[in-house]
Structures are given as structure tokens and as C-alpha cells.
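Each remark here refers to the structure printed beneath this line.
The values are calculated or read from the model by the stated rules, or taken from the named source; none is laboratory data. The structure displayed is predicted, hence computed values, not measured ones. Quick reminder, even Gly has a Cβ in these numbers, built from the backbone with ideal geometry, and neighbours come from all protein chains shown.
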């Protein structure tokens, strides 16, 4: 199973263009507005939590297939798959975020991302839907202890009974602990 997305024209700048402190500063100067984060988000589940990523970073959604393992890789790095002649590194976000379990079943999917011209796959429990988020639905990430790495969380969206954790997928995949820095993303 594969679902390809036609990438719509960008209506906002990439969330990775500003740092978290710059975003907070912008939100404060806008009276708390997070309007720069409005747009379409692909939502997915990791355990009991729901996350959202910029739809413009999504290339396609595929059913999970076991990747070829790479020795001595980071625990969340599952290996690589051949996607129409392109070798794609696969990262299990459930392992990255410390979810209680990481079962591989019929709902498990790989979100194939295009990040700065590089293709990488992210394993998630399931994909929910694509949501258009208005700026007023997004709140800044709460300040956390310095020991908690939240640099890749751009905000929290609240829609009716749903809370979405919005991720800067470029910052997350580019972090050194993911094992995808430099040459690995160049595959």
C-alpha cells in the first residue's frame, strides 16, 4: 500500500526556519499568536499520543516492510529499504520517543518524508488524517526542564477533544542522536 501526495503550494514558511526562542519571541510580539504555524498537517499516532507534521514534508505513506538492518546503528534506526531505486533510511519514531511498545501490525505505516531534498522514512503506529490548522488553534510549547529535549516541538494544537503535538520533522530527523546526520541522509 502506498499513498502519494501532490505537494500543495506552500502557504507558510517552513517551521524549521526559526529557533524555538525566536518562535516564542514572535508569538509574544504577536500577542501570543502562533499564526506562523497555521497550515495543513498530517496527523499520526505514536502510542496514545497524536502528532502532526507539515504536510509539505510528506512524500507518501507506505505499509511497513521490514528494512535491511545496518550494524551498530542507533536503536531507533531500523535500517534501509529500496524505494523505487532510492535507498531510504527508516527511523522508528516510537523508539525515539520511548513509547511503551512498538508492535509491527497491519496499522503500522511508514511516512516517507522529503527533507531538504533527502528521502527518509518514519515508522508510526497509524496515520489519522490531514488537518487544516488555523493559527489560533496552536499554542506555544510549554517551557520544560533543560534535561528534556523539545527543540523539535513547534507547538501544541487543540481542536475540540484532540491535542496534537506539532513536530519540526527537519529538526527531529537532523538531530545527532537519530543517526541520520550527514552521510546517512545522503544515501
* Evaluation of residue 95 against (1) over 17 Å from residue 52 (Cβ atoms); (2) surrounded by 13 or more Cβ atoms within 10 Å (Cβ to Cβ); (3) touching a residue at least 40 places away in the same chain (Cβ under 8 Å) (one fails), failing number -> (3)
* Structure fact -> Those residues of the stretch 53-75 that are surrounded by fewer than 21 Cβ atoms within 10 Å (Cβ to Cβ), in contact with a helix residue (DSSP H, G or I) (Cβ under 8 Å, 6 or more places away or on another chain) and touching a residue at least 60 places away in the same chain (Cβ under 8 Å) come to a total of 1
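Name every residue in the stretch 154-170 that is free of Cβ contacts under 8 Å to residues at least 40 places away in the same chain and either buried (at least 19 other Cβ atoms within 10 Å of the Cβ) or not in a loop (DSSP other than H, G, I, E, B) (or both), in order of residue number. Show your work before the answer.
Our first condition is that a residue be free of Cβ contacts under 8 Å to residues at least 40 places away in the same chain; within the stretch 154-170, this holds for 156, 158-161.
Hits for the stretch 154-170 are 156, 158, 159.
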* Asked: For the stretch 37-50, which residues satisfy the criterion of being assigned to a loop (DSSP other than H, G, I, E, B) and out of contact with any helix residue (DSSP H, G or I) (no Cβ under 8 Å at 6 or more places or on another chain)?
  -> 48
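Output the residues belonging to the stretch 51-82 that are part of a loop (DSSP other than H, G, I, E, B), in contact with a strand residue (DSSP E or B) (Cβ under 9 Å, 6 or more places away or on another chain) and farther than 16 Å from residue 111 by Cβ. It would help to see each step written out before you state the result.
Going through the stretch 51-82, the residues part of a loop (DSSP other than H, G, I, E, B) turn out to be 64-67, 69-76.
Adding the requirement that they be in contact with a strand residue (DSSP E or B) (Cβ under 9 Å, 6 or more places away or on another chain) leaves 64-67, 69-70, 73-76.
Within the stretch 51-82, 66, 69, 70, 73, 74, 75 meet the criteria.
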* To do: Might you check whether a residue that is over 13 Å from the mean Cα position of the chain (by Cα), outside any strand (DSSP E or B) and surrounded by fewer than 17 Cβ atoms within 10 Å (Cβ to Cβ) occurs anywhere in the stretch 111-120?
  => yes
* Does any residue of the stretch 16-29 turn out to be assigned to a strand (DSSP E or B), modelled with pLDDT under 95 and crowded, with 19+ Cβ neighbours inside 10 Å? -> no
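Restricting to the stretch 83-109, what's the tally of residues that are in a strand (DSSP E or B) and more than 11 Å from residue 125 (Cβ to Cβ)? Full working, then the answer.
Applying the first criterion (in a strand (DSSP E or B)) to the stretch 83-109 yields 83, 86-92, 109.
From what's left, more than 11 Å from residue 125 (Cβ to Cβ): 83, 86-91.
Residues flagged as in a strand (DSSP E or B) and more than 11 Å from residue 125 (Cβ to Cβ) within the stretch 83-109 amount to 7.
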* On the given criteria, is residue 141 over 16 Å from residue 46 (Cα atoms), in a loop (DSSP other than H, G, I, E, B) and touching a strand residue (DSSP E or B) at 6+ places or on another chain (Cβ under 9 Å)? -> yes
